[in-house]
Amino acid sequence: MPPSLFSPLKIGPYELKHRVVMAPLTRMRAEPGTLAPRALNAEYYAQRATAGGLIIAEASPVLPTGFGNPNVPGIYSEAQIAGWRRVVDAVHAKGGIIFLQLWHVGRVSHSSFQPGGALPVAPSAIAIGDDFKAMTADGKAVAYEIPRALATDEIPGIVAAYKQAARNAKAAGFDGVEIHGANGYLIEQFLQSRSNQRTDAYGGSIVNRARFLIEVTQAAIDVYGADRVGVRLSPYGIANGSGEPDPMPLYTHVVEALNPLGLAYLHLLEPRSSGAGRADVNWQNVPSAMELFRPIWNGVLIAAGGFVGDTANAAIAEGHADAVAFGRYFISNPDLPRRLAHGFPLTPYHRPTFYGGEAKGYTDYPVHDEMAEA
Ligand SMILES: Cc1cc2nc3c(=O)[nH]c(=O)nc-3n(C[C@H](O)[C@H](O)[C@H](O)COP(=O)(O)O)c2cc1C
């Protein structure tokens with residue numbers, strides 16, 4: 001029998017009882033001001049926790065300069081650590097495993113989110129193009145500003161902030177961390193030529209452009225050990241003005257550079273879903289990230305993007321992925337693993353409540369009621 005979503009899987013030291021992973025999902029419902037997770041957030045994650053199931057908690061900025069959205073939880077203050085501890089404890093109480101995604105948005109920000117109203121920082125002073133809009137802190141859609149290019153001697157401080165964030169995640173009890181290297185944010189800005197025109201050791205060649213990702217990943221490894229650190233990439237993505245003209249050489253190098261580190265997993269986004277949260281992108285003939293990189297990657301591979309039960313089972317059975325992360329359907333189906341296991345129908349998601357607000361569209365989605373169906 002080939003493996004399925006419901007075969008066990010070892011990820012680092014953890015024995016997963018199934019392979020239905022909860023994808024990292026920004027929901028913009030942290031406590032305003034402190035940007036700490038609150039009781040409502042713990043309730044939401046606990047609803048989605050299963051014994052031996054892996055949750056990757058939402059992207060959390062490692063620094064105050066790392067935000068581009070309101071009420072996103074951070075992971076750099078004592079209040080945030082305490083808030084996350086409540087989330088982690090609630091997930092652990094149900095036997096769940098929970099990693100935290102570490103984030104810095106780089107140029108996908110606006111000065112209204114930045115300390116002192118400064119410009120957002122990025123590898124190079126190149127703005128995201130007109131096809132995309134920045135969101136201001138008071139909710140207006142405006143053109144992206146030209147970010148400030150980081151000086152070479154500022155980069156170690158950002159790497160150190162990721163390391164401190166990993167320490168903080170550990171203090172909060174997280175089982176591991178995922179480095180957010182996808183969707184056009186700071187790490188991907190370093191990786192890709194369209195956003196990185198640096199002439200120092202962090203720009204130019206593919207090796208140089210990958211340096212920041214590798215240093216950040218190594219910093220997290222120093223704290224957690226490699227087997228508790230994952231990396232998320234979106235090689236063929238176009239989110240937030242990203243997109244490498246020829247992704248294969250760049251991402252082949254990246255995957256080959258990550259291989260010897262012995263990570264818990266590599267998490268690849270299928271390109272069809274790269275417009276995360278925007279209207280669905282339905283491209284024809286786009287390549288499959290998992291199929292391209294599975295032969296190059298030596299470890300556990302988590303695939304994400306546009307999967308339903310059947311396609312996820314097929315990806316696992318055919319050996320393209322070891323586990324599948326679900327985003328939008330995990331929002332609207334707190335008991336998603338159980339529904340997929342039994343073939344119960346899925347509740348459709350409600351896009352307008354994805355970002356911001358309170359319990360509506362967050363903790364009020366029902367679990368499937370078998371009795372009502374009978
Ligand atoms: C509301 C929303 C928030 C998201 N937030 C994040 C995030 O914080 N980090 C990340 O890497 N991806 C994020 N994504 C992308 C998802 O993790 C996932 O890859 C994407 O939704 C595609 O999977 P799906 O088709 O199962 O929804 C987000 C997507 C949505 C819809």
Checklist line | Relative packing of peptides 221-229, 131-139 - highest average C-beta neighbours within 10 Å first | finding: 221-229, 131-139
Checklist line | Alpha carbon centroid spacing (whole Å) that separates the range 298-336 from the range 222-251 | finding: 18 Å
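Can you give the charge dipole size of the range 9-373 about its Cα centre, rounded to the nearest 20 debye, using +1 on the beta carbon of Lys and Arg and -1 on the beta carbon of Asp and Glu?
On the way: 31 positive and 34 negative charges, 73 e Å.
Charge dipole, the range 9-373, about its Cα centre: 340 debye, nearest 20.
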Check: What does the charge count near Ala36 come to, summing +1 for each Lys or Arg and -1 for each Asp or Glu among other residues with Cβ under 12 Å from its Cβ?
Finding: +2
Check: Is there a pair in Lys17/Lys94; Lys94/Lys170; Lys10/Lys94 whose C-alpha atoms are over 22 Å apart, and which pairs would that be?
Finding: none
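What relative contact order, as a whole-number percentage, does the range 1-157 give when Cα pairs under 8 Å and 6 or more residues apart are counted?
Values: 324 pairs, mean separation 30.9, N = 157.
So the answer I get is 20 percent.
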Checklist line | Using a Förster distance of 45 Å, the FRET efficiency for Gln47-Thr199 (Cβ separation, nearest 0.05) | finding: 0.35
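What share of the DSSP beta bridges in the chain is antiparallel, in percent to the nearest 5? Write out the running numbers ahead of the final one.
On the way: 5 of 37 bridges.
Here the share of antiparallel DSSP bridges comes out near 15 percent.
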Next item on the list: Provide the net charge surrounding Gly357, with neighbours chosen by a C-beta distance below 15 Å and charges set as Lys +1, Arg +1, Asp -1, Glu -1.
Entry: 0
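For the chain, what is the accessible area per residue in Å² when the probe is 1.4 Å?
Numbers: 14060 Å² over 374 residues.
Per-residue value: 38 Å².
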Item checked: Accessible area of the chain belonging to carbon and sulfur atoms, whole % at 1.4 Å probe -> 56 percent
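I want the local charge near Tyr144. Using Cβ-Cβ distances under 12 Å, sum +1 for each Lys or Arg and -1 for each Asp or Glu among the other residues. Kindly include the intermediate steps, with their values, before the conclusion.
Working: positive: Arg107, Lys133; negative: Asp130, Asp131, Glu145.
My count for the surroundings of Tyr144 gives -1.
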Item checked: Alpha-carbon centroid distance for the pair the range 124-191 / the range 1-78, whole angstrom -> 18 Å
Next item on the list: May I ask you to derive the relative contact order of the chain, considering only C-alpha pairs under 8 Å and at least 6 residues apart, and to give it as an integer percent?
Entry: 16 percent
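The values are calculated or read from the model by the stated rules, or taken from the named source; none is laboratory data. These numbers come from a predicted model, not from an experiment. Because the Cβ atoms are built from the backbone with ideal geometry, glycine has one as well, and the counts that use them run over all protein chains shown. The area values use the complete protein model at the heavy-atom level, side chains included, leaving out ligands, DNA and RNA. Shrake-Rupley method; radii C 1.70, N 1.55, O 1.52, S 1.80 Å.
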